[in-house]
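Everything on this sheet refers to the single structure shown next.
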Ligand SMILES: Cc1cc2nc3c(=O)[nH]c(=O)nc-3n(C[C@H](O)[C@H](O)[C@H](O)COP(=O)(O)O)c2cc1C
């Protein structure tokens, strides 16, 4: 499976083409829209989320609710387009002056993108580097999630840290699944949640922004997705690439992650056990469900650190690209904290790689056959 997205932040729409989705997968507009709505929620988002309620149009590849095996084309119209159509018009009559951006924002792609592509107007950079593009990725991820759900894989996420506020206690999967979706910051621990909300509020008053950490968890993966045989088939590497490519993600950890560099082997590696009912399993899951680039059958745990949003309402110093005069950075309507939204994008990024890995291992053209093969493989593993 592969996909491409196109579309500017204030352009007419986001467009996606997904190729390689097997035939016979049940998918509705509601499946996709509910994921798009999750991406738009979360405390700390900016004014734009109030203007837009993203909805998708499926324009090909699905008939009567089922995928056909042909490319799937998705469109998400930008609701704000009416206000931007002369500014973002592809025609020669476009208004290129009124929203000209020449004061690059520290932490955003503005300056380096303008130099790379030879633009004077940094709007030509920010329109595509913006995280608006993640709406398309979430739409794609919702299809990947449908594939995973047919294969009995459960995938969900939660926010662990915002700014200085971090969940300190161990949370059960049940708690995370029950509490996180009902939390305004997708945090499963109510005490930390209220501290997070306060910190976002205080930060907003200062015109500043916040980052944090989220975790994506996938349950019931079989042993053996991915491979150790080539660098680009290792599933840990592929997951890291997919998650790291999300705007503002600066670190990706699997299992114990960076803590594993601080402890001796006896406190890092998972001891191997055998049970006649379960087959082989590990006593602990410090590796986070992946060893040698292969899934171990234990829960997959991927954590990502998001930096604070680069657009500050109290802007940092910058230099005007045209006049070279020191000036505060430009401001655009922006989020104060988008870690909850990023966790939804993270789920989509992980779901995509897992669905790809399933199709590589069990792939064929029909969803029904893939389900059968996965079931047979699960039985084979249990009987070893
Ligand atoms: C869900 C989400 C929402 C974001 N919202 C904003 C925003 O409103 N304003 C902003 O300046 N950056 C926002 N960002 C981050 C920027 O897009 C990102 O920092 C920028 O593209 C530079 O890329 P880099 O941080 O990956 O190097 C958001 C990121 C995500 C994942």
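Some observations on this one:
- Count - residues of region 46-66 that are outside any loop (DSSP other than H, G, I, E, B), at pLDDT 95 or above and either buried (at least 18 other Cβ atoms within 10 Å of the Cβ) or touching a helix residue (DSSP H, G or I) at 6+ places or on another chain (Cβ under 6 Å) (or both): 3
- Residue ID - farthest from residue 10 (Cα to Cα), chosen from residues in region 321-343 that are more than 8 Å from the ligand (Cβ to nearest atom) and outside any loop (DSSP other than H, G, I, E, B): 326
- Odd one out for residue 126, checked against (1) farther than 22 Å from residue 243 by Cβ; (2) assigned to a loop (DSSP other than H, G, I, E, B): (2)
Residue by residue, here is whether (1) within 13 Å of the ligand (Cβ to nearest atom); (2) in a loop (DSSP other than H, G, I, E, B) holds:
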position	(1), (2)
97	no, yes
100	no, yes
115	no, no
133	yes, no
137	yes, no
147	no, no
155	no, no
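- Single match in 314, 375 (criterion: more than 16 Å from the ligand (Cβ to nearest atom), farther than 21 Å from residue 159 by Cα and more than 27 Å from the chain's Cα centre (by Cα)): 375
- Condition met for residue 42 (without any contact (Cβ under 8 Å) to a residue 24 or more places away in the chain, in contact with a helix residue (DSSP H, G or I) (Cβ under 9 Å, 6 or more places away or on another chain) and within 16 Å of the ligand (Cβ to nearest atom)): no
- Residues satisfying the stated conditions in region 270-293, i.e. surrounded by fewer than 20 Cβ atoms within 10 Å (Cβ to Cβ), in a strand (DSSP E or B) and in contact with a strand residue (DSSP E or B) (Cβ under 8 Å, 6 or more places away or on another chain): 272, 273, 274, 275, 280, 281, 282
- Residue in region 202-218 that is under 25 Å from residue 39 (Cα atoms), away from the ligand (no atom under 16 Å from the Cβ), buried (at least 21 other Cβ atoms within 10 Å of the Cβ) and modelled with pLDDT of 95 or more present: yes
- Residue count, region 67-95 (criterion: without any contact (Cβ under 8 Å) to a residue 24 or more places away in the chain and in a loop (DSSP other than H, G, I, E, B)): 9
- Of the residues screened, residue 354 is one that is in contact (Cβ under 8 Å) with a residue 24 or more places away in the chain, surrounded by 23 or more Cβ atoms within 10 Å (Cβ to Cβ) and away from the ligand (no atom under 16 Å from the Cβ).
The values are calculated or read from the model by the stated rules, or taken from the named source; none is laboratory data. These figures come from a predicted structure and were not determined experimentally. Cβ coordinates were reconstructed from backbone atoms using ideal geometry, including for glycine residues, and neighbour counts include every protein chain displayed.
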